[in-house]
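Readers should treat all values here as calculations from the given coordinates under stated rules, not as data from a laboratory. Source: prediction; values computed, not measured. Every residue, glycine as well, gets a Cβ built from its backbone with ideal geometry; the counts of neighbours run over all protein chains shown.
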Amino acid sequence: MKYVLSAMLLCLAFAAGAKNGKMPRSLMKDSLPAMTERCEKVLKAAYMEGTLLEVNKKLEGWEGYPVRLYEYYTGYDSTACGPKKGKVYLLNPSPEKLARWIMTAAWEASGTLKFEYTERIRKYIAHQSGAQFPVSGVVYEAMYKKGDYYPYLFRDGVTVYLADSTYFAADKHPDEKMLDFYLGMGYGDLKPYTGRYARICSTTREQYKAAGGAEDVGDSENRKLYWLEVVRGLYKKAWKSDSNELINAWAKAYIPGEPGQLDWAGIK
């Protein structure tokens, strides 16, 4: 009888938590070790965490945050006839922090921590970003042709485009001077629009708004530069919290979701 009553009380606590959006602390505590172990697999594949050059807590816009500067190399690039060198400032979560964010997102979207939901979020983050958050610098990706690494520029977790194209390597092989410029590029160096997605979960402006976001960030057609400031603010907030609103917004769009919705990414 004692155990039945305990189970009933626990169920009531979960129901209350779902109703007001708060996850019971006991549920987070009990689920954290296993979820952290699963997230370790994601971060072990963080290919941009090459050689650590410095930890910078004074980076403009990120003061007080342990932003890390890495030098890294791609695999063999068919156009360069060898690996390409990159430099990037990263603020990647620890496995535990990532686990907390994922569990909170699943709870926010469904009021549960179903394995299929937490795994969907975890796998999507692994597929889209490897949980790597580029604060500034170059991110190489071979998305369209194996062995052809294209240099994408990032600022505050979003793809950006240079206003002066002469600072972008025409042959897609940036030299040392360009790599250093990308690390320090400011908003004034950029075109007035950005890429669509915010790391680490490829959150769109539409998903942000659908989840209650009130800032005027435009949409997928009118991709305002202000998206960078909003993403930066939300990520900094998440860094000191168990909740990442950008991941929550994505989760609310895909949980419970429709059958086959993420088949293109190999995710159920």
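So the values come out like this:
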| quantity | calculated |
| --- | --- |
| Dimensions (Å) - the chain, Cα atoms, principal axes, largest first | 73, 40, 37 |
| Cα-centred dipole magnitude for segment 174-268, charges only on beta-carbon of K, R (+1) and D, E (-1), debye, nearest 20 | 200 debye |
| Estimated FRET transfer efficiency (Phe168, Lys114; beta-carbon r; R0 51 Å; 0.05) | 0.70 |
| Distance between segment 193-210 and segment 225-267 - C-alpha centres, whole angstrom | 8 Å |
| Filtered trypsin sites (Lys or Arg not before Pro), segment 153-191: DSSP coil and at most 16 other beta carbons within 10 Å | Lys172 |
| Charge tally in the Cβ shell below 12 Å around Glu54, where Lys, Arg are +1 and Asp, Glu are -1, Glu54 excluded | +3 |
| Pairwise label distance in nanometres, Ala265 with Ser241, each label 7 Å out on the Cα-Cβ vector | 2.1 nm |
| Residue pairs, from the table Lys29/Lys209; Lys146/Lys209; Lys172/Lys240; Lys97/Lys252; Lys41/Lys191; Lys58/Lys114, whose Cα atoms sit over 28 Å apart | Lys29/Lys209; Lys146/Lys209; Lys172/Lys240; Lys41/Lys191; Lys58/Lys114 |
| Dipole axis of the chain (+1 Lys, Arg; -1 Asp, Glu on Cβ), positive-most option in Val138, Ala105, Gly82 | Ala105 |
| Top positive-direction residue, dipole computed over the chain with Cβ charges, set Trp62, Tyr73, Leu234 | Leu234 |
| Amide N proximity, segment 56-88 versus Ser94 label position 7 Å along Cα-to-Cβ, cut-off under 16 Å | 65-68 |
| Binned Cα-Cα distances of segment 123-190, short to long, each 10 Å bin given as a whole percent | 19, 51, 26, 3 |
| Given charges at beta-carbon only (K, R positive; D, E negative), |dipole| of the chain in Debye | 880 debye |
| Shape category assigned to segment 183-268 from the gyration tensor of Cα positions, a/c cut at 1.5 | prolate |
| Mean Cα-pair separation over length for segment 173-268, i.e. relative contact order, pairs under 8 Å, 6 or more apart, % | 25 percent |
